[in-house]
């Protein structure tokens with residue numbers, strides 16, 4: 001009798017967010033951020049539908065998310081300093097804390113036990129228990145004077161309980177080892193370049209690459225070598241050219257890695273840079289429609305999909321990497337903000353903020369598979385990220 005009752009309770013506890021009977025897994029679930037309303041849509045990629053809207057997540061104007069290792073819980077980082085733990089299966093907020101005045105994203109440790117948040121105000125990184133959201137560690141950034149500290153950007157998980165991040169205002173890269181959370185170990189590298197603004201970690205967890213906003217170039221750190229210091233690459237990639245006004249910072253992240261190539265949006269230029277990640281030398285460029293923001297590689301590395309900053313942000317272009325050419329230009333709607341591939345890359349989800357919809361495309365035929373209404377959608381995050389380094 002007790003066993004039967006327990007099974008009944010579990011069936012209800014793990015019912016899908018849309019209320020259908022029976023248990024479900026999390027492998028095809030994800031989130032769409034609705035930036036204007038402080039809400040998210042829980043979505044599924046098997047039938048390409050929205051399951052439920054969850055409200056009350058605060059300021060999501062620059063929100064991102066990571067997932068616990070089993071994909072059930074998402075951790076949403078809000079611009080207002082909010083850290084929200086969201087239960088995807090029950091379709092509700094599990095816990096929420098406002099841990100800072102202004103934050104810019106975060107990361108989760110390899111074992112899923114620690115969640116780290118990058119903060120603008122106050123500057124630094126704060127670390128929380130992933131289960132309870134209790135504070136674990138507080139790592140203040142470099143002081144700037146007048147009570148202010150450097151803003152933290154490009155916070156990425158690497159391997160184990162380690163994180164790497166950059167300090168925008170002081171041109172630094174720090175590594176953080178939380179093998180013993182009570183005794184954080186920090187390594188600081190100063191003078192790496194002018195205004196590091198975002199970063200990626202390669203899928204093997206070895207390389208941390210930070211772009212520079214204040215100069216043409218990037219910074220590379222070998223995370224496998226404890227004696228390594230950051231080194232400069234791609235110096236002067238725009239030398240001799242007048243940069244265009246930058247309307248939106250490009251984003252890097254690990255999605256820009258496609259096989260042996262890293263595809264980087266060029267700041268202030270209408271092109272993407274192709275970099276050989278074996279040598280970290282530039283090996284080519286592709287001219288694109290506008291100022292690129294995201295360059296997202298399909299999981300097999302064959303294609304890279306690119307969206308653009310204002311005023312060219314109603315277009316997405318598809319680069320075929322073997323030929324290094326544009327093979328399709330699409331118009332998903334007004335103000336395209338984000339792209340996310342399904343785990344095997346057969347489809348891609350594209351958000352159009354000002355058209356209030358997400359469009360799902362077949363990546364072989366480029367045909368529209370589905371359109372999902374959403375309130376000013378921005379970031380799209382699927383649970384496949386739970387099993388990838390740097391996501």
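Throughout, read-outs are computed from the coordinates displayed, never taken from laboratory work. These numbers were taken from a predicted model, which means no experiment stands behind them. Reconstructed Cβ throughout: ideal geometry from the backbone, glycine too, with neighbour counts over all protein chains shown.
Of the residues that sit in the stretch 45-77 and are over 19 Å from the mean Cα position of the chain (by Cα) and without any contact (Cβ under 8 Å) to a residue 24 or more places away in the chain, which one is surrounded by the most Cβ atoms within 10 Å (Cβ to Cβ)? My answer is 53.
Among the conditions (1) out of contact with any strand residue (DSSP E or B) (no Cβ under 8 Å at 6 or more places or on another chain); (2) surrounded by 21 or more Cβ atoms within 10 Å (Cβ to Cβ), residue 127 misses just one, which is (1). Considering 105, 112, the condition of being in contact (Cβ under 8 Å) with a residue 40 or more places away in the chain, under 21 Å from the mean Cα position of the chain (by Cα) and not in a loop (DSSP other than H, G, I, E, B) is satisfied by 105 alone.
Considering the stretch 316-357, and only residues there that are touching a helix residue (DSSP H, G or I) at 6+ places or on another chain (Cβ under 7 Å) and assigned to a loop (DSSP other than H, G, I, E, B), the residue that is nearest to residue 382 (Cα to Cα) turns out to be 343.
Note on the stretch 191-242: among residues that are in contact with a helix residue (DSSP H, G or I) (Cβ under 8 Å, 6 or more places away or on another chain) and part of a strand (DSSP E or B), the one that is surrounded by the most Cβ atoms within 10 Å (Cβ to Cβ) is 201. The condition (being part of a loop (DSSP other than H, G, I, E, B) and buried (at least 22 other Cβ atoms within 10 Å of the Cβ)) is satisfied by just one residue among 313, 307: 313. Each residue in the stretch 115-135 was checked for being in a strand (DSSP E or B), closer than 24 Å to residue 198 by Cβ and without any contact (Cβ under 8 Å) to a residue 60 or more places away in the chain, and 11 of them qualify. State yes or no: is residue 41 part of a strand (DSSP E or B), touching a residue at least 60 places away in the same chain (Cβ under 8 Å) and surrounded by fewer than 24 Cβ atoms within 10 Å (Cβ to Cβ)? Criteria met by residue 41. Determine, yes or no, whether residue 96 is assigned to a strand (DSSP E or B), more than 22 Å from residue 384 (Cβ to Cβ) and in contact with a strand residue (DSSP E or B) (Cβ under 7 Å, 6 or more places away or on another chain). It is true that residue 96 is assigned to a strand (DSSP E or B), more than 22 Å from residue 384 (Cβ to Cβ) and in contact with a strand residue (DSSP E or B) (Cβ under 7 Å, 6 or more places away or on another chain). Of all positions in the stretch 323-338, none carries a residue that is crowded, with 19+ Cβ neighbours inside 10 Å and within 18 Å of residue 262 (Cβ to Cβ). Apart from one condition, residue 296 fits all of (1) under 18 Å from residue 210 (Cα atoms); (2) assigned to a strand (DSSP E or B); (3) over 19 Å from the mean Cα position of the chain (by Cα); the exception is (3). Taking the stretch 139-173 as the range and being part of a strand (DSSP E or B), without any contact (Cβ under 8 Å) to a residue 40 or more places away in the chain and crowded, with 18+ Cβ neighbours inside 10 Å as the test, the residues that pass are 149, 172.
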